Amino acid sequence: GQQLNQSPQSMFIQEGEDVSMNCTSSSIFNTWLWYKQDPGEGPVLLIALYKAGELTSNGRLTAQFGITRKDSFLNISASIPSDVGIYFCAGRPQGGSEKLVFGKGMKLTVNP
Amino acid sequence: EPEVTQTPSHQVTQMGQEVILRCVPISNHLYFYWYRQILGQKVEFLVSFYNNEISEKSEIFDDQFSVERPDGSNFTLKIRSTKLEDSAMYFCASSRDRSYSNQPQHFGDGTRLSIL
């Protein structure tokens, strides 16, 4: 159904390393969004993708909307300590729905 | 930068009591949403609201839940008779236009609801 499988669930990296995470689904999504959540706060929008194949950057972040419309990835380059947090993918299902379906999140730890 | 603001940040309520969670969406936004996140789980959609009516709701949003825009700025979620399983973070979100008009949803910092 309209579920997003996000992987990996957690990552421990050294400062300066790159990190990749992705979301897949068996359903088609018309929009993919990547959010970051810090403890005690709400999800903050990082990147929004609206077209299949779209590749978008926001500083050290790069995300792509998969051609099949069933997947997306997010890359963070040259990680820094403040990148620590939980990263969520979210998608808007095909069919005119307003809702966002969220992945389970990836907890990122960056060791200085 | 404009933000979605939510109050209170933490609400503790006895089971069976009514609770109202409040949100002030971004001022030029027209579409409003409530989501919840049970501890350790993913964020789940509850309801979307436009032009003073519900436009979509999930199976979670049963008769115990209601939403209202009582004035020009506030957007509220009411849980009529709270249950233990209603304990969660509740997030309000807003967008300038419909999601399929390429307008992203922006989230508030949430209200942590604890049911005793």
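Every number here is computed from the coordinates shown, using simple stated rules; none is lab data. Note that the structure is predicted; figures quoted are calculated from it, not measured. Heads up, the Cβs are rebuilt from the backbone with ideal geometry, glycines too, and the neighbour counts pull from every protein chain shown.
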Would you mind checking the pairs A:Lys70/B:Lys57; A:Lys51/B:Lys78; A:Lys99/B:Lys83 and listing those with alpha carbons more than 30 angstrom apart? A:Lys51/B:Lys78
Please give the average number of partner chain Cβ atoms lying within 10 Å of the Cβ of each residue in B:16-26, rounded to a whole number. 0
Enter the mean number of other protein chain beta carbons within 10 Å of the beta carbon of each residue in A:12-22, as an integer. 0
Inter-chain Cβ neighbour average for residues A:34-41, partner chain, 10 Å: 3
Listed peptides B:60-67, B:34-41, B:87-94 by packing density, highest first (mean Cβ within 10 Å): B:87-94, B:34-41, B:60-67
Over chain B, the quotient of the Cα radius of gyration and 2.2 N^0.38 Å is 1.00
Suppose every Lys and Arg Cβ carries +1 and every Asp and Glu Cβ carries -1, with no other charges. What dipole size does chain B come out with about its Cα centre, to the nearest 20 debye? 100
May I ask for the Rg/Rh ratio of segment A:4-112, computed from Cα atoms with Rh as the Kirkwood radius, given to two decimals? 0.96
Estimated translational D of the protein assembly as shown in µm²/s (Stokes, Kirkwood radius over Cα pairs; 4 °C; 1.567 mPa s): 72
How much net charge surrounds B:Pro70 when only other residues with a Cβ under 12 Å from its Cβ are counted (Lys, Arg +1; Asp, Glu -1)? +1
Net charge (Lys, Arg +1; Asp, Glu -1) of residues whose beta-carbon lies under 10 Å from that of B:Ile115, B:Ile115 excluded, is -1
May I ask you to evaluate 6.51 cos²θ - 1.76 cosθ + 1.60, the Karplus curve with θ = phi - 60°, for each residue of segment A:2-18 and list the ³J(HN,Hα) values in order in whole Hz, giving x for glycine and proline? 8, 10, 10, 9, 9, 9, x, 7, 7, 8, 10, 10, 8, 3, x, 7, 8
Loop-located GluC sites (Glu not before Pro) in segment B:1-74 whose Cβ has at most 16 other Cβ within 10 Å (DSSP): B:Glu3, B:Glu18, B:Glu59
Would you mind counting up the charge near B:Asp97? Only other residues with Cβ under 14 Å from its Cβ, with Lys and Arg at +1 and Asp and Glu at -1. +2
Compute the separation of the alpha-carbon centres of segment A:59-112 and segment A:14-56 and state it in Å as a whole number. 2
Per-residue HN-Hα couplings for segment A:58-65, Karplus 6.51 cos²θ - 1.76 cosθ + 1.60 at θ = phi - 60°, whole Hz, x for Gly and Pro? 9, x, 7, 9, 9, 9, 9, 9
